[in-house]
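Down below is the structure, laid out as C-alpha cells.
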Amino acid sequence: MRNKYQQKDGAEGELPLFGKKKWEMSDAERVFSLQCKLYQKAKQDKGYKFYVLYDKVFQKHMLSVAWKAVKANQGSPGIDGISINDIEQGGVENYLEELGEELRTKRYRAQAVKRVMIPKANGGERPLGIPTVRDRIVQTACKLLVDKF
C-alpha cells in the first residue's frame, strides 16, 4: 500500500523522505517522519512507554500541519468568536508562534466549548459542542502524534 510520500516509480516500500535532512523536508513530511518513527518504536518494543511526547506538540511543523487540517475542515468559531478568517487576517505565522510559546511554557489552557442544538431527523434536537479554533489546532496536533496509519 502506497502513501502520498512514496515515490511513484521507485521501489515499493521505500520512502524518499528518510534520505532527506530535516531542513529539506516540508512540514507534512517532517510530521510523517515522526509518526513513522513513533510507530516503528511502538511495534519493535511492545512494552516501551512514551513518557514525553508533549515537547513534540508545540513544534512549528506540527502546529503548521494541524493548522492546515483545521483550516481545511472550515469549522465555525467557538465561544471566543475567533474564526479561521480572523486568524488569517491577523497572520497565521504569528498566531501559531504565540500558541506554540503558550504550549512550551505550559500557559495554554483550553477554553470552554460552545454548545449549540442541532435538529434531528425525528424532530428533536441534539447538543453539539464547538471548540475554539485554537483548541482544535492543539487537539489536531495531539492527534497527529498518536494517530497510526
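Does P127 qualify as being over 24 Å from D27 (Cβ atoms), open to solvent by 60 Å² or more (accessible area, probe 1.4 Å) and either touching a residue at least 12 places away in the same chain (Cβ under 8 Å) or acidic (D, E) (or both)? Answer is yes for this residue. Taking the conditions exactly as written (open to solvent by 70 Å² or more (accessible area, probe 1.4 Å), within 24 Å of S33 (Cβ to Cβ) and either modelled with pLDDT under 95 or under 17 Å from the mean Cα position of the chain (by Cα) (or both)), does E93 satisfy them or not? So E93 passes the test. Residues in region 101-124 that are open to solvent by 60 Å² or more (accessible area, probe 1.4 Å), more than 30 Å from D55 (Cβ to Cβ) and part of a loop (DSSP other than H, G, I, E, B): K120, A121, N122, G123. You will find that of R126, R136, the residue that is of a type in the set (K, R) and within 20 Å of the chain's Cα centre (by Cα) is R136 and no other.
One line per residue, one yes/no per condition, for (1) modelled with pLDDT of 90 or more; (2) exposed (fewer than 11 other Cβ atoms within 10 Å of the Cβ); (3) farther than 29 Å from E98 by Cβ:
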position: R2; (1), (2), (3): no, yes, yes
position: E12; (1), (2), (3): no, yes, yes
position: A28; (1), (2), (3): no, no, no
position: F32; (1), (2), (3): no, no, no
position: C36; (1), (2), (3): no, no, yes
position: Q44; (1), (2), (3): yes, yes, yes
position: K56; (1), (2), (3): yes, no, no
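For the subset of region 14-23 comprising residues that are among the charged types (D, E, K, R) and open to solvent by 100 Å² or more (accessible area, probe 1.4 Å), which member is modelled with the lowest pLDDT? Only one residue fits best here, namely E14.
The values are calculated or read from the model by the stated rules, or taken from the named source; none is laboratory data. In this text, all values refer to a predicted model and were calculated from it rather than measured experimentally. Every residue, glycine among them, receives a Cβ derived from its backbone with ideal geometry; neighbour counts consider all protein chains shown. Keep in mind that these areas ignore ligands, DNA and RNA; they rest on the heavy atoms of the full protein, side chains included. Shrake-Rupley method; radii C 1.70, N 1.55, O 1.52, S 1.80 Å.
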